[in-house]
Amino acid sequence: METFTAAVPDEGLLGFVRGSSLDAKARTRIAEAVPDEFFTYPGGLTARDRQALTYERLRRAGLAAPPAAELLDDPPALCALLERAAIADPALFHVMLLHYTLALGPILRFGAAQMPETGARGVREARDALASMDSFGTLLMTEVGRSNSHLSPRTIARHDPASGGFVLSTPDAQAAKFPTSTAHPRVPKTAAVYATLVHGGAERGVFVFVVPLRGPGGAVAPGVRVVDAPETTGLQVDYAAVLLDDLPVPYGAWLRDGASIGANGSFHDPAGSAAARLTRSMGIAPAVWRAVISASAAITRASAGTLLAHSAGRTTLGRLAPRRPLTDYRNQQEAVLGALAAGYALTAVAEHVKTARTAADHPGGAAGGPETAWAPWSAVDRDLALLKAAATVQAQETVSACRVHSGAPGFAAVERLNAYRGLAHAYMNAGGDNELILYDTARAMADLDRYVPPEPGAGPPDGGDLASPRVWLFLAREAERRMRDRLAARVAEARGGDPGDQPDAFAAWNGNLVLAARTAAASADRIVLEIVGAAAESGPPALRPVLGLHALNVLERRAADLLNEGAAPPGFLDEVWAARRRACDELAPRAGSLAAAFELPAPVTSPTAFLTSL
Ligand SMILES: Cc1cc2nc3c(=O)[nH]c(=O)nc-3n(C[C@H](O)[C@H](O)[C@H](O)COP(=O)(O)OP(=O)(O)OC[C@H]3O[C@@H](n4cnc5c(N)ncnc54)[C@H](O)[C@@H]3O)c2cc1C
């Protein structure tokens, strides 16, 4: 393989990775908002000092980047900023994502119509404090003591007819909001609190309330209790649990999204039902999923570049062939090229989700997704949620493989790969738990709820040549269709023909969760391969073989199901491995230029100061 630094990027690949949406000026502005200095921390900081620096950098980035409202209206620009933050510092990515998409996002989306009203002064102030980076956004959604708490938060916002406002309360320790990023004692925080609105003694659905949690100097507001979590290293932010002790908030703190309580005390909500209200209140999620998919692509590219930098030019002393370059061995070569290929494939997926708008993007618009049982996410946008799950899993796999194939230096000489792994791992739960998204997707597939099984066509096309995108798609569709049919039949059989979901729905699904998760994951593979196949057709010529390698790796990962379903014959894996060896032989001489088109900043790929000083 060529050395990393010597390589010249292919122009076509460069254009593909940069994407179609941002011009050179916009890209430069994003790079300046997260300068190279943000890629490391000075040594010797306490955890709190480090977190303070993360927030200071968030402030600097926010002031240098385009205004927040513009970013939230321009997914490619916001994703570009968050991608750069993710490869610089996963902790910075996390607090930046919370700030823009999960605090400012709900204020602008659900509070826009009420902004001009006199009573909305608190909301306008919160918006201005967040937009000017005088305060940082935080999210109080998940509750610590029960699973699936998003479906039914026990935090209550009780309407108080006397004041006209609300009283927010945490009924018990199990309903404490955790994790939240609120522990730092000197960092001002503004929270988006998800609570069940109670009016006239009746629950009216889940709404968002804006609460200034910590004032300008970081002082905790009366009625708020913050319990610091112990220090952790997986993704280093200031975690804490938050409890609200009958905290009064004005009517204007309610991000009403068109709902209201009239002068006569009557409650009105255009959502029409508590279930529809929950879906609407979760309508901020697409911005999160786009960002998480884009960040997954970015850290995958960065990890691939890091692994190539470690591998290129490294000599082995193995007895089969002393002094043979490490990348001559298929295992390392396939790890490096497979990681580069995953980086390109996720880039294609990220470009797809950044540029496509869905029903959920329109405030108050009809939800695009099916009914759900495990979490609210698929109801908002089934495929975007599913792609978030697939992208984080892919990033986690690839980053972990890059870490292992980078040996001790990849673990001990620099924190970067460990930090990327922490980020990918965290977002398999955060931003919508992956497994729950898979189960809700599988249920929609089995019930044919806004889902049409893919049509593979008769027999494998192109003589079954695994280099053909039509063959990848045939196999992916065939696996998905067969698995769905079997899942639907098994669940129906377990229900004993009961058309309703009760009373045996739990037993029927609980006996089939393994097949359900794999069926939804097969659907995710098919969607990814459709996006990747389209990019291979329309993209620059150099893209096709690298995306082809990724497709082979996806088929290898899905081989157990293809074989189990009889969608591929015995010996299928031998064919995949042979095709992969051919693909790698073709790509190996171009590894350097494939990585160069990622335009990774120097701090990511250059050897650490520690190792060069030896
Ligand atoms: C690093 C990080 C930062 C976060 N930051 C925030 C934040 O700032 N604000 C916030 O509000 N939240 C935050 N979260 C919370 C995140 O949204 C939740 O972790 C996630 O939704 C999972 O919920 P849980 O932690 O309660 O786990 P659980 O719901 O207990 O899920 C744990 C596992 O149990 C299984 N499971 C759960 N329920 C079921 C079921 N019904 N059927 C089958 N299996 C099930 C699943 O496999 C799941 O993966 C953060 C999470 C992480 C990891």
Quiz prompt | Total lysine pairs under 25 Å (Cα atoms) in the chain, excluding pairs fewer than 8 apart on one chain | solution = 4
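Leaving out ligands and nucleic acids, and using a 1.4 Å probe, what accessible area per residue does the chain come to in Å²?
That works out to 40 Å² per residue.
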Self-check item: Stretchable slack from SER163 to PHE267, in nm (0.36 nm times residue separation minus alpha-carbon distance)
Solution: 35.8 nm
Practice problem: Only Cα pairs under 8 Å and at least 6 apart count here; give the relative contact order of region 411-529 as a rounded whole percent. | Solution: 28
Quiz item: Using Cα-only point scatterers and the Debye equation, what is log10 of I(q)/I(0) for region 380-453 at each q in 0.15, 0.18, 0.20, 0.27 Å⁻¹, rounded to two decimals?
Solution: -0.58, -0.71, -0.80, -1.12
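Can you give the Kirkwood hydrodynamic radius of region 35-181 from its Cα pairs, in Å with one decimal?
Result for region 35-181, one decimal place: 17.2 Å.
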Quiz item: Can you pull the percent of the chain's accessible area that's carbon plus sulfur, 1.4 Å probe, other chains left in place?
Solution: 55
Self-check item: Coordinate range along principal axes, alpha carbons of region 433-484, Å, largest first
Solution: 37, 21, 15
Self-check item: DSSP H segments from the chain that extend 20 Å or more along their own axis, Cα-based, with Kyte-Doolittle mean of 0.0 or above
Solution: 285-311, 330-355, 377-405, 513-538, 543-557
Quiz item: How high is the relative contact order of region 203-357, given as a whole-number percent (alpha carbon pairs under 8 Å, six or more residues apart)?
Solution: 19
Quiz prompt | Value of D in µm² per second that Stokes-Einstein yields for the chain, Kirkwood Rh from Cα pairs, at 20 °C (1.002 mPa s) | solution = 84
Exercise. Quote the relative contact order of the chain in percent (integer), defining contacts as alpha-carbon pairs under 8 Å separated by 6+ residues.
Key: 16
Quiz item: Any idea how far apart VAL8 and VAL514 come out in nm if each label point goes 7 Å out from Cα toward Cβ?
Solution: 5.4
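The values are calculated or read from the model by the stated rules, or taken from the named source; none is laboratory data. This one's a predicted model, so the numbers in the text were calculated from it and none came from an experiment. Glycine gets a Cβ as well: all are built from the backbone with ideal geometry, and neighbour counts include every protein chain shown. In case anyone asks, the SASA skips ligands and DNA or RNA and just uses the protein heavy atoms, side chains included. Shrake-Rupley method; radii C 1.70, N 1.55, O 1.52, S 1.80 Å.
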